[in-house]
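The values are calculated or read from the model by the stated rules, or taken from the named source; none is laboratory data. From a predicted model like this one, the values you see are computed outputs, not experimental measurements. Note that we place each Cβ from the backbone using ideal geometry, even for glycine, and neighbour counts take in every protein chain shown. Each accessible area value is taken on the protein alone, full model and side chains, heavy atoms only, with ligands, DNA and RNA left out. Shrake-Rupley method; radii C 1.70, N 1.55, O 1.52, S 1.80 Å.
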Amino acid sequence: MTTVEQEIYEPLNIETAIELSKNLQLFDHDDHLTSEEIGDGNLNLVFRVKNEHSGKSVIIKQALPYAKVVGSSWPLTLDRARIESESLKRTYQLVPKFTPKVYFSNTNLAVTVMDDLSDFTILRKGLIAGNIYPNLAKDIGHFLAHTLFFNSDFGLNQQEKKVQSSRFINPELCKITEDLVFTDPFYDHGTNNIDEDLKPFVSTMLWEDQSLKLEVATLKKAFLTKGETLVHGDLHTGSIFVREEDTVVIDPEFAFYGPMGFDIGAFIANIILNYLSQQVHLRNQFQRQEYQQYLLNIIDESWNAFSEEFTSLWNQYPQDVFMNIDGYLEQTLQEIFKDTIGFAGCKVIRRMIGLAGVEDVECISNQADRNKVKKAALTLGKKLIVERSQIATINELVKVVSEHA
Ligand SMILES: Nc1ncnc2c1ncn2[C@@H]1O[C@H](COP(=O)(O)OP(=O)(O)O)[C@@H](O)[C@H]1O
Ligand SMILES: CSC[C@H]1O[C@H](OP(=O)(O)O)[C@H](O)[C@@H]1O
């Protein structure tokens with residue numbers, strides 16, 4: 001049995017999740033509570049504990065000592081729960097509107113208790129359904145500008161940044177990304193998940209292209225070495241909750257001090273994948289064009305919101321004497337932009353042929369249709385990686401994406 005007092009790790013079940021929330025005094029002892037496990041991600045358990053009478057509810061997320069999607073043959077550190085709760089708390093300090101509040105966390109139990117966002121929708125599902133979220137691009141741009149700026153040497157005391165970065169050393173989760181995003185898809189590796197019909201295409205397009213591999217090596221080096229800021233580390237559309245007017249970012253267990261462009265690239269990559277999948281989901285040409293234009297606008301507006309807000313924070317809260325030197329901001333944004341495009345390319349490719357695909361594409365039941373989308377995505381992903389230096393503006397990026405549907 002998992003108790004707060006003993007602090008001995010054991011995976012929760014629906015009964016012990018209730019018990020834990022009562023022990024934490026989140027509910028009264030005589031409240032009648034229900035509990036269900038609602039986790040649909042690759043790694044963790046997620047319980048919703050609810051008082052059906054009052055409607056009050058909380059989410060208890062618990063790390064398992066292995067990757068849930070594979071099973072106990074893939075052991076995985078419980079420390080990811082500490083990283084996740086510390087990242088959520090830091091992010092709540094910076095952008096409370098866009099972050100669930102953490103009520104309790106415990107390293108030994110590997111649990112984080114937080115706001116229940118059940119009245120929100122996971123963005124990936126909302127986009128597959130063709131919904132419109134008018135504030136999404138602006139909100140994500142704001143979220144990224146504030147989190148990336150205030151955790152970096154540009155916006156945080158530079159000695160404090162070194163101290164903070166030591167709390168987010170996350171080797172096992174980084175290794176997953178190093179392998180699944182930056183290595184395995186570019187080789188005929190056992191973790192890949194490729195339809196037999198696609199293999200010849202993938203082999204020619206990726207595995208035999210040495211110049212592509214040189215560019216991926218450069219991007220992997222950036223991921224390994226550029227400890228610029230505290231990144232979320234896995235900002236795909238399954239890590240974003242949305243309502244008509246609201247946006248909340250969850251699941252930062254991959255957080256670490258990494259490159260500025262990594263989160264923006266992840267977000268854009270997942271918008272691109274939904275964009276390409278709409279070729280099949282929306283058969284009506286008029287509706288498809290309209291929705292795809294909305295998705296292109298998200299790419300454009302989120303980058304613009306990010307760069308405008310980042311510029312404003314740069315001018316208001318500089319931590320480095322060089323930040324008023326002409327050209328330094330522009331050079332910094334240009335470097336972030338180039339990394340963003342390259343990371344987006346890698347993220348697009350990994351979701352098409354690597355372990356852990358995306359529902360937007362995997363839910364296409366017709367194999368030929370699905371593979372057509374995957375080929376378009378692989379072609380575009382490769383282009384983003386190898387041509388990232390030539391794509392100078394967000395308008396140019398949007399144009400390149402629009403040419404691949
Ligand atoms: N705060 C929350 N409120 C409501 N549902 C949540 C919350 N956090 C997670 N969930 C549900 O659990 C699922 C998995 O959560 P996630 O944090 O992505 O887990 P994993 O780390 O395993 O990917 C989400 O897709 C969502 O359905
Ligand atoms: C074996 S982990 C695969 C994959 O899962 C993670 O995503 P999530 O926890 O949101 O489901 C992450 O993207 C990893 O690369």
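Data table
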{"read-out": "Distance (nanometres) between label positions extended 7 Å along Cα→Cβ at residue 217 and residue 392", "value": "2.9 nm"}
{"read-out": "Segment 206-221 and segment 85-99: distance between their alpha carbon centers, rounded to Å", "value": "35 Å"}
{"read-out": "Nearest-20 debye value, the chain charge dipole, Cβ charges on Lys, Arg, Asp, Glu", "value": "780 debye"}
{"read-out": "Charge dipole of the chain about the Cα centre (unit charges at C-beta), most positive-ward option of 69, 259, 43", "value": "259"}
{"read-out": "By average C-beta atoms within 10 angstrom, highest first, the peptides 352-361, 140-149, 219-228", "value": "140-149, 352-361, 219-228"}
{"read-out": "Segment 5-64 versus segment 257-321: alpha-carbon centroid distance in Å", "value": "35 Å"}
{"read-out": "Residue 326-residue 194 FRET efficiency (beta carbon distance; Förster radius 60 Å; 0.05 resolution)", "value": "0.75"}
{"read-out": "Filter on 220/374; 347/372; 101/338; 61/347; 347/399 - keep pairs with C-alpha separation over 27 Å", "value": "101/338"}
{"read-out": "Potential lengthening between residue 369 and residue 225 on full extension [0.36 nm per residue; Cα-Cα distance subtracted]", "value": "48.0 nm"}
{"read-out": "Pairwise centroid distance, computed over Cα atoms, of segment 167-194 with segment 337-370, Å", "value": "15 Å"}
{"read-out": "Extended-chain gain in nm, criterion 0.36 nm per residue less alpha-carbon gap, residue 293 and residue 97", "value": "67.8 nm"}
{"read-out": "Under 20 Å from residue 68, Cα to Cα: lysines that are on another chain or at least 8 residues apart", "value": "175"}
{"read-out": "Cα convex hull volume per residue for the chain (Å³)", "value": "144 Å³"}
{"read-out": "The chain: DSSP helices with Cα axial extent of at least 24 Å and average Kyte-Doolittle hydropathy no lower than -1.0", "value": "261-281, 285-316, 328-353, 367-386"}
{"read-out": "Signed unit charges on C-beta, dipole axis of segment 268-375, positive-most listed residue 303, 322, 277", "value": "277"}
{"read-out": "Where trypsin sites (Lys or Arg not before Pro) fall in DSSP loop in segment 280-362, at most 10 other Cβ within 10 Å", "value": "283"}
{"read-out": "Helical contribution to [θ] at 222 nm, DSSP H n ≥ 4, -39,500 (n - 2.57), averaged over the chain, rounded to 500", "value": "-16000 deg cm²/dmol"}
{"read-out": "Inter-site label distance for residue 14 and residue 285 at 7 Å from Cα along Cβ, in nm", "value": "5.0 nm"}
{"read-out": "Residues of the chain: accessible area per residue with a 1.4 Å probe, Å²", "value": "42 Å²"}
{"read-out": "Normalised contact order of segment 158-289, rounded percent, pairs of Cα under 8 Å and 6 or more residues apart", "value": "24 percent"}
{"read-out": "Mean Cβ neighbour count within 10 Å, used as a protection proxy, ranking 232-239, 8-15, 96-103, 150-157 highest first", "value": "232-239, 150-157, 96-103, 8-15"}
{"read-out": "Relative contact order of segment 121-402, defined on C-alpha pairs under 8 angstrom at six or more residues apart (%)", "value": "29 percent"}
